[in-house]
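Below is one structure; the comments refer to it alone.
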Amino acid sequence: MKNRAQLRSSVRTGERLVMFGLVAALFVGCATAPEITDKPPAAAAEGGIQAEETMTVQESVILGEWTVDAGEFVVGRHGGSIRLELHEMPTTFNPAMYLGLYGDMQVLPMLFSPLLDVHPDLGILRGNLAESFALSVDGRSVDMTLREGLTWSDGVPLTADDVVYSYNQLYLNPDVGGIGVEIAERVGGLSVIRSGDRSVQISCGISSHELLIVLGYEPLPRHIVEPWLEGRDPAEFMDFWAFYDDLTGHVGSGPFNLVSFTEAESFDVGGVTHTLTVSQLERNPHYHLTDAVGNQLPYLDTVTLLAWDDVFGPGTLYWDGLVDVTYLPTWAPDGARLGNWPVNTGSLGREAALAIPGQHYLVADTATYVTTFVTFNMQRAPGPEDGGLDPPMADWFNDVRFRRAISHLVPRDRIIEELHGGDAVPAYGRIVEGTPNYSAAAESLIPRSDPEAGAALLTEMGLIDRDGDGIREGADGTPVSIVMGTNGGNAYRVDLLELLVDEFREAGIDVIPEPAEYGPLVQKLLGGTYQAVLLGTTVSNTVADDWDIWASGRETHFWDMGQAAPQREWEAQLDELYEEWKVTVGRERLLEIEREVQRILAEQLPLISVTRGYDYMLMRHQYRNLRLVGPHRRLWPLAYIFLDE
């Protein structure tokens, strides 16, 4: 396992857009689109921003670390335990060192609470530790008031001083590698001050709603962190509460406390001894949230988290009796396929639970936020890392007709039937249908599955079968033969790639499948030496989550990795919209930007989406309020889950 320094050098520092979606969310509740002005941030004084200087923002509702309204859950009862599996071990129990890794994303919200969070479906910004908040009209400062009587899990009061210390000395401190440093630079500096007994003001130097990203950070306990740092090199903070650190006495503000962490514990899995990591959590008696009738949360007494490395296959830990709940994707291997269950899964609605023989319960959820996509290397040689492609392949991939033809050729219905057992939906755009920023008009521009239309576009490009071998050639006789890579450790993507090979050959495109280890595949991406790849990513409720893909110079610009400046007119348009987005604070214009970005992406198709499968969970006991929630449907609402037996 890498240490934290190695992880920081190999994983992008998370900015919490994926975690919280705060930028787009605030303006859902704004009654008017505010003016952008040149005036400095409102002076911080006792009591903070005055009413006439603030936007009209919806009344805040205390929501909880899982960004779901307590009223959406059945009122439960206290007691019981649950054992859950994580598909990646946590690397840190310190939110200020969150690097965007999946295991950390799942565990940290169980242990810490943010100032503000967001409803996963409605995109509405709400308070958590903060009971109220106000954004200045110029978008350069936010005043927040903390809930009264907050305490850390060790009973010490959680105060505005903890918030100010956490931001100034940790999140925004380059000496400790704070994850907010880059944002602070982009917004002209950040100031975090105590403006009252329970109030804090956060201001930035320029008008930018990127200010809102930092509102999703979780404060850390000053009375624990400050003594630990005393006399140490600030850079050592990277190791504080890392998985290899002494975690005795861990203190947080979430629904549960960390009792112990074991990096290597042996278990019998499928008749073979395997090593898993184990995190033991217990109920935080000082947690600040309650259910709809005032009962203190959480309901469960203990939680056990087993982390594994995806070598067992979906459901294995469940069937071996090690966990009480398992996540079953509809593309799981035959031994776990939902089709083997004596229920009509296609008829199950959200949170519908059916008893299965043997006292197992199947819970169906909506389509996952995870989608697969195909992209082609548009980088022309020589690229930034001496990568890129030469003509004619580079010309084909840069021709939008080729990419639109591929979207026509992707057999989404066949994929849904053969690889998902019917439990999936076609994927086209990047914004989830029905969410506030979704543009039906933009998504309608994306080519649907239509092999004849795809073949016609290829022929229009001059790609035709010139020698009768069934494979199209360009004008110079070069066959349309493309190496397409994917991560070989993902059985679903390997199967999907084989299916696409068959379909594309029917249209005269020779696809050579190249499953590879994930590391070498990433190196090809970064070096621009690939031709095409089949990968997975998450769809979202806002284009803000994906600027690292769409904007030039960002780290996951898949179709032209390492590109410092736009190479195509439509990329320049995206970059202009990105620059405008960063300094726009009015909901009306933000929505226009969202729709315009979706239109450009729908027309140009740098990424060609395939399908989104449904999520299912299998439970050993009758747990209630159990479903995947939060950004991208990958978090457990542990504060609200209870045992109903």
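The values are calculated or read from the model by the stated rules, or taken from the named source; none is laboratory data. The structure displayed is predicted, hence computed values, not measured ones. Heads up, the Cβs are rebuilt from the backbone with ideal geometry, glycines too, and the neighbour counts pull from every protein chain shown. Surface areas here come from the heavy atoms of the whole protein model, side chains and all, with no ligands, DNA or RNA. Shrake-Rupley method; radii C 1.70, N 1.55, O 1.52, S 1.80 Å.
For Thr273, the conditions (1) open to solvent by less than 70 Å² (accessible area, probe 1.4 Å); (2) at pLDDT below 90 all hold with the exception of (1). Tallying residues that are open to solvent by less than 10 Å² (accessible area, probe 1.4 Å) and without any contact (Cβ under 8 Å) to a residue 12 or more places away in the chain within segment 553-595 yields 1.
How many residues are out of contact with any strand residue (DSSP E or B) (no Cβ under 6 Å at 6 or more places or on another chain), assigned to a loop (DSSP other than H, G, I, E, B) and over 17 Å from Arg505 (Cα atoms) when one looks only at segment 463-492? Total meeting the criteria: 5. So which residues in segment 295-338 are open to solvent by 50 Å² or more (accessible area, probe 1.4 Å), of a type outside the set (Ser, Thr, Tyr) and modelled with pLDDT of 80 or more, if there are any at all? Once the filter is applied, which keeps residues that are open to solvent by 50 Å² or more (accessible area, probe 1.4 Å), of a type outside the set (Ser, Thr, Tyr) and modelled with pLDDT of 80 or more, segment 295-338 yields Asn295, Gln296, Asp301.
Residues are listed down the side, and each one gets a yes or a no for (1) open to solvent by 30 Å² or more (accessible area, probe 1.4 Å); (2) out of contact with any Leu (no Cβ under 9 Å at 6 or more places or on another chain); (3) of a type in the set (D, E, K, R):
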residue	(1), (2), (3)
Glu385	yes, no, yes
Pro391	yes, yes, no
Ile406	no, no, no
Leu409	no, no, no
Ile416	no, yes, no
Asp423	no, no, yes
Arg430	no, no, yes
Asp465	yes, yes, yes
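For segment 276-285, the tally of residues that are farther than 13 Å from Gly79 by Cβ, at pLDDT 95 or above and either of a type in the set (Ser, Thr, Tyr) or crowded, with 17+ Cβ neighbours inside 10 Å (or both) stands at 2. Look through segment 47-100, keep the residues that are charged (D, E, K, R) and at pLDDT 50 or above, and return whichever of them is most open to solvent (accessible area, probe 1.4 Å). Of everything passing the filter in segment 47-100, Arg77 is most open to solvent (accessible area, probe 1.4 Å). Kindly evaluate Gly477 against the criterion of being under 19 Å from Asp399 (Cβ atoms) and either surrounded by fewer than 16 Cβ atoms within 10 Å (Cβ to Cβ) or not aliphatic (A, V, I, L, M) (or both). Considered against the rule, which asks whether it is under 19 Å from Asp399 (Cβ atoms) and either surrounded by fewer than 16 Cβ atoms within 10 Å (Cβ to Cβ) or not aliphatic (A, V, I, L, M) (or both), Gly477 comes out as yes.
From the list Ser166, Ser199, Ser203, the lone residue that is within 25 Å of the chain's Cα centre (by Cα) and crowded, with 21+ Cβ neighbours inside 10 Å is Ser166.
Count of segment 574-618 residues, restricted to those that are closer than 23 Å to Gly434 by Cα and charged (D, E, K, R), is 11. Would you confirm whether any residue within segment 235-251 is closer than 22 Å to Thr584 by Cα, out of contact with any Gly (no Cβ under 9 Å at 6 or more places or on another chain), open to solvent by less than 20 Å² (accessible area, probe 1.4 Å) and not β-branched (Val, Ile, Thr)? Within segment 235-251 (the criterion being closer than 22 Å to Thr584 by Cα, out of contact with any Gly (no Cβ under 9 Å at 6 or more places or on another chain), open to solvent by less than 20 Å² (accessible area, probe 1.4 Å) and not β-branched (Val, Ile, Thr)), the answer is no, since none of the residues qualifies. Close Cβ contacts (under 7 Å, 6 or more residues apart or on different chains) running from residues in segment 417-442 that are in contact (Cβ under 8 Å) with a residue 40 or more places away in the chain to residues that are among the small types (Gly, Ala, Ser) and surrounded by fewer than 18 Cβ atoms within 10 Å (Cβ to Cβ) comprise Gly421/Gly339; Gly422/Gly346; Asp423/Gly346.
Output the number of residues of segment 531-552 satisfying the condition of being over 17 Å from the mean Cα position of the chain (by Cα), open to solvent by 10 Å² or more (accessible area, probe 1.4 Å) and within 20 Å of Ile593 (Cα to Cα).
1
Just checking, how many residues over segment 579-611 are in contact with a helix residue (DSSP H, G or I) (Cβ under 9 Å, 6 or more places away or on another chain), over 27 Å from Gln523 (Cα atoms) and in a helix (DSSP H, G or I)? Of the residues in segment 579-611, 19 are in contact with a helix residue (DSSP H, G or I) (Cβ under 9 Å, 6 or more places away or on another chain), over 27 Å from Gln523 (Cα atoms) and in a helix (DSSP H, G or I).
Considering Arg587, Arg568, Arg554, Arg620, the condition of being among the basic types (Lys, Arg) and within 30 Å of Val323 (Cα to Cα) is satisfied by Arg620 alone.
Scoring Val363 on the criteria (1) buried (at least 21 other Cβ atoms within 10 Å of the Cβ); (2) of a type in the set (A, V, I, L, M, F, W, C); (3) modelled with pLDDT of 90 or more leaves a single failure, condition (3). Annotation: of all residues in segment 553-591 being aliphatic (A, V, I, L, M) and within 22 Å of Pro382 (Cβ to Cβ), the one that is nearest to the chain's Cα centre (by Cα) is Met561.
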